[in-house]
Protein chains: 2
Amino acid sequence: MFKKKSKYNVAVMGATGAVGEEMLKILEERRFPVDRLVLLASARSLGKKYSFHGKQIAVEELKENSFNGIDIVLASAGGSISKKFAPFAVKAGAIVIDNTSAYRMDPNVPLVIPEINPEDIQKHKGIIANPNCSTIIMLVPVYPIHKTNRVKRIFVSTYQSASGAGARAMRELEEQSRDVLAGRPAKKEIFPHQIAFNLFSHNSAIKDEGYNEEELKMVKETQKIFHDTKIKITPTTVRVPVFRAHSESIYLELEKTPDIARIRKILSKAPGVKVVDDREKNYFPMPLEASGQDDVLVGRLRKDLSSSKGLCLFVSGDQLRKGAALNAVQIAEILIQ
Amino acid sequence: MFKKKSKYNVAVMGATGAVGEEMLKILEERRFPVDRLVLLASARSLGKKYSFHGKQIAVEELKENSFNGIDIVLASAGGSISKKFAPFAVKAGAIVIDNTSAYRMDPNVPLVIPEINPEDIQKHKGIIANPNCSTIIMLVPVYPIHKTNRVKRIFVSTYQSASGAGARAMRELEEQSRDVLAGRPAKKEIFPHQIAFNLFSHNSAIKDEGYNEEELKMVKETQKIFHDTKIKITPTTVRVPVFRAHSESIYLELEKTPDIARIRKILSKAPGVKVVDDREKNYFPMPLEASGQDDVLVGRLRKDLSSSKGLCLFVSGDQLRKGAALNAVQIAEILIQ
C-alpha cells in the first residue's frame, strides 16, 4: 500500500508549535530520508523560517491542496485542524501520522507506540494515530512488565509539564515565574490557573463521572494499544510547574507476585526505557533529566507494602519527544522500513 | 494532671524556623492565653526578635534549664533536639507538644490530629506528638469518610512543597528559580537535586523495601492515629516546586460503595476541611489557594471507573499551618480546655 522510495516528501502540519519544532529536530537527528520538507502552519506564521540540514525552509500556509506529492504528513496542529485537513492529505495519497486526539479512538485508525504494537501500523487506511503523551510515557515502561506478568489494574497520578499545552504555555510558566519572583501578579492567558509555583488538576474538560479528558484518554488509549478492554485504569492528571517532561507515579496490580530484581533486569533491557533507580543515593527519575532524552526514565521500583501482587514505579519522560514528536517519527521509520 | 490556669507560660523551641515562626502567628491569631512567651533557638539566632501582640520578644538560647516555670512547650527544632531537650522540659513540669518525628511512634506518646483523635491527648505522660505534615493533610479529609464507610486501603501520591524542608529550602526554591530564569546554573544546598522547575522523589532516606522515611511515616502514623493496624497504605512521596502547601492524589478502597453526593455533604460539614470541587469550572484544590488557610481543601471527588468501592480525591493543605503549627496549637487548646 505504501510505496517504498529512497527518499520521501514529508509535510509537518503545525510546524511552528512546540511539537512541530521538535519533529524537525528529530527528523534531522535521526537522518530520516527526507526529499522535500514542507512546513505547514496557519497564515499567521507565514514568513517564519526553520533550518533543516543547513537549508532554510519557509513556512507555508496550510491549505486543502497543500499535500500534492507528499508521502508522509506529521500532523500536530490540533484536533480540529487534523479533522479538517487529514482527509485531503489521504486523498492526495499521503499517509498521515496524527499527533492529535482527532482519530485515536477511530476503529479504522491504528493507535501505535512502536515499542508496543508496531504490527498495528500495517492496518492503516491512510491515518495512523500517535497516542496522548501521558499514555505513551506510562506505557513504554509498563509494557515490558505486562509482557511477563499481566497488568490487571493501574493507578496513576501524573505530574505534567507545561509543554503539554504547547510553546505558549511554557512561556507562560516562565513569565509568571518572573512576575511572582518580582512580586508582581501572575498573568493568566493559556492556563485557567496560575502555573508558577502552583499545580492544578489537568485543564481539560471534565466529563462523565468527574474524570477529565486527559484521564479518559489514558484509560481508553491503553485499552486500545494493549488490545485489552479488561485492563482497569484509575488516573488522576495534574499540571505542575515544570517546563517539558511529564512524570507519573504508577501502581500496578499484577497477575503474579513480582520479583523486583527481575523487573529491574527486564526494564534495563527494554527498548525506550532507562532504569534510574539508585536507592542509596536517593536518585530516581526527574523531569529535568528526562528533558531532551529519548528514553522514558523509570525508577522507585518497589513492592506494595500491603499486597503481594502490587508494584510501584515512578517515571519521567520528555513530553515533546517520546510523548509526541519522537513517537510519530518512529512510526514513520517503521512505515518506510 | 495538667493544672488549669487563666494564662500559660509557653515556650517555642525552634522559634526561628519556618514552623516556629508560624506557631507565633497562630498563637497570636487564635488569642491563645499566653502569659510569658519564651522563644528558644540555637545560639546562632541570639539577637533575633519577634513581635507578639505588639511586644518585641528576643530569642533565647535553648538550654537544659530553659524550661523553668514553662507550662507548654511547642517543639519544632528537629528530631535530635527534641530527643535531647524534651525530657528536661517534662522534668521541669511542662507538657511538650512535639512537632518532630522523635516520639511519634513511642507507645507512651499520643499522636494526635484534633479533628480525629482528641481523646488520645489525655493519655499523655508529658509529651504529645504532632503527626508528619503529609499524614495530617491526608487524614483530615479522609477521616470523615472513614467514619461512615471504613477505609480499607489508601493509595496516595504526594506533591510536597519546599516548606516541608524548612525556611532555607523555600529560599532555595526562590533562588534557584531566579538563577534558572537568568540562565545561570541552580545552586544546590538544602535539597539533593534541583527543585526549581523540577520535581524528585522525597529527599528522606530510603529504608526497607525501597520506601523512604516520609512514606513509612504516612503508613505507621495513620495506623496509630486511626487505632487500626490493618489499614493498608501505599504511598509515593514527591517534592514539587511549590512554596508552602502540600497536595495529595488519594485513592480510597472503601468497605461499601460510596455515594459521591453524600460524601460531598459529609466533607462539607467536617471540621478542618473545605470542599473545592467545581467540575464545570475545572476548579479544584490548589496549593496556592491552600497556602495560609487553616482548612485542608478537598475536591476531585469521584468514583473509581473500575471498582464500585473505590473513591478518588485530591487535597491541598498548608504544610506550615494544618500540617504543623496549627495542629500543634490546636492540641494545646484542647489541653487547656
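Bear in mind that the values in this text are calculations on the coordinates, not laboratory data. Computed from a prediction, not measured in an experiment: that's the story for all the values here. Note that each Cβ is placed from the backbone with ideal geometry, even for glycine, and that neighbours are counted across all protein chains shown.
What the table shows:
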quantity: Loop GluC sites (Glu not before Pro), segment A:225-316, which have at most 14 other Cβ atoms in a 10 Å radius of their Cβ (DSSP); calculated: A:Glu255, A:Glu280
quantity: Distance from segment A:167-194 to segment B:28-48 (C-alpha centre basis), Å; calculated: 38 Å
quantity: In degrees, nearest ten, helix A:167-181 long axis to first principal axis of chain A (Cα); calculated: 60 degrees
quantity: Simple spin-label estimate for B:Lys7 and A:Lys281 in nanometres, 7 Å along Cα-Cβ; calculated: 5.7 nm
quantity: HN-Hα J in Hz across segment A:71-79 - Karplus 6.51, -1.76, 1.60, θ = phi - 60°, x for Gly and Pro; calculated: 8, 10, 10, 9, 10, 7, 10, x, x
quantity: Förster radius 22 Å - calculated FRET efficiency between B:Lys309 and B:Asp228 (Cβ-Cβ, nearest 0.05); calculated: 0.80
quantity: Cut-off under 5 Å, modelled amide H: who pairs with A:Lys232 long-range; calculated: A:Arg153, A:Ile154
quantity: GluC sites (Glu not before Pro) lying in DSSP loop within segment A:56-99, provided at most 12 other Cβ fall within 10 Å; calculated: A:Glu64
quantity: Cβ-vector label at 7 Å, A:Asn108, separations to other copies in nm; calculated: 7.8
quantity: 10 Å Cβ neighbours from other chains, averaged over peptide A:58-66; calculated: 0
quantity: Cβ-defined net charge surrounding A:Asn68, 15 Å radius [Lys, Arg +1; Asp, Glu -1]; calculated: -2
quantity: Position B:Asp179, label points 7 Å along Cα→Cβ, spacing to each other copy in nm (shortest first, one decimal); calculated: 2.6
quantity: Nearest-ten-degree value, helix A:326-336 long axis tilted from longest Cα axis of chain A; calculated: 60 degrees
quantity: For A:314-326, mean number of other protein chain Cβ atoms within 10 Å; calculated: 1
quantity: Rotational relation B to A, axis-closest Cβ in chain B, residue and distance rounded to whole Å; calculated: B:Ser157, 2
quantity: Angle in degrees between helix A:18-29 and the longest Cα principal axis of chain A, rounded to the nearest 10; calculated: 80 degrees
quantity: Over 26 Å between alpha carbons, listed pairs A:Lys230/B:Lys207; B:Lys224/B:Lys309; A:Lys83/A:Lys322; A:Lys147/B:Lys230; A:Lys147/B:Lys256; calculated: A:Lys230/B:Lys207; A:Lys147/B:Lys230; A:Lys147/B:Lys256
quantity: Reachable lysines from B:Lys49, criterion Cα separation under 23 angstrom, eight or more residues apart if same chain; calculated: B:Lys7, B:Lys25, B:Lys63
quantity: Reach of A:Lys3 by Cα under 13 Å, taken over aspartates and glutamates that are not fewer than 8 positions away in the same chain; calculated: A:Asp71
quantity: Sorted by Cβ density within 10 Å, fewest first, the residues A:Leu297, A:Leu37; calculated: A:Leu37, A:Leu297
quantity: Charge context of B:Ala167, other residues only, Cβ under 13 angstrom, K/R +1, D/E -1; calculated: -2
quantity: Residues of segment B:226-266 with amide N under 20 Å of a point placed 7 Å along Cα→Cβ from B:Gln337; calculated: B:226-227
quantity: Mean shadow area of chain B, taken as a quarter of the surface of its Cα convex hull (nm²); calculated: 18.5 nm²
quantity: CD proxy at 222 nm, helix term only [per DSSP H run n ≥ 4: -39500 (n - 2.57); per residue of chain B; nearest 500]; calculated: -8500 deg cm²/dmol
quantity: Given charges at beta-carbon only (K, R positive; D, E negative), |dipole| of the protein assembly as shown in Debye; calculated: 520 debye
quantity: 7 Å along Cα→Cβ, label-point gaps from A:Gly47 to other copies, nm, shortest first; calculated: 5.9
quantity: Cleavage-rule hits (trypsin sites (Lys or Arg not before Pro)) in segment A:147-218: DSSP loop, at most 16 neighbouring Cβ within 10 angstrom; calculated: A:Arg150, A:Lys187, A:Lys188, A:Lys207
quantity: Neighbour net charge for A:Pro33 - beta-carbon separation under 9 angstrom, K R +1, D E -1; calculated: +2
quantity: Shielding by partners, peptide B:207-218 (average Cβ within 10 angstrom, other chains); calculated: 3
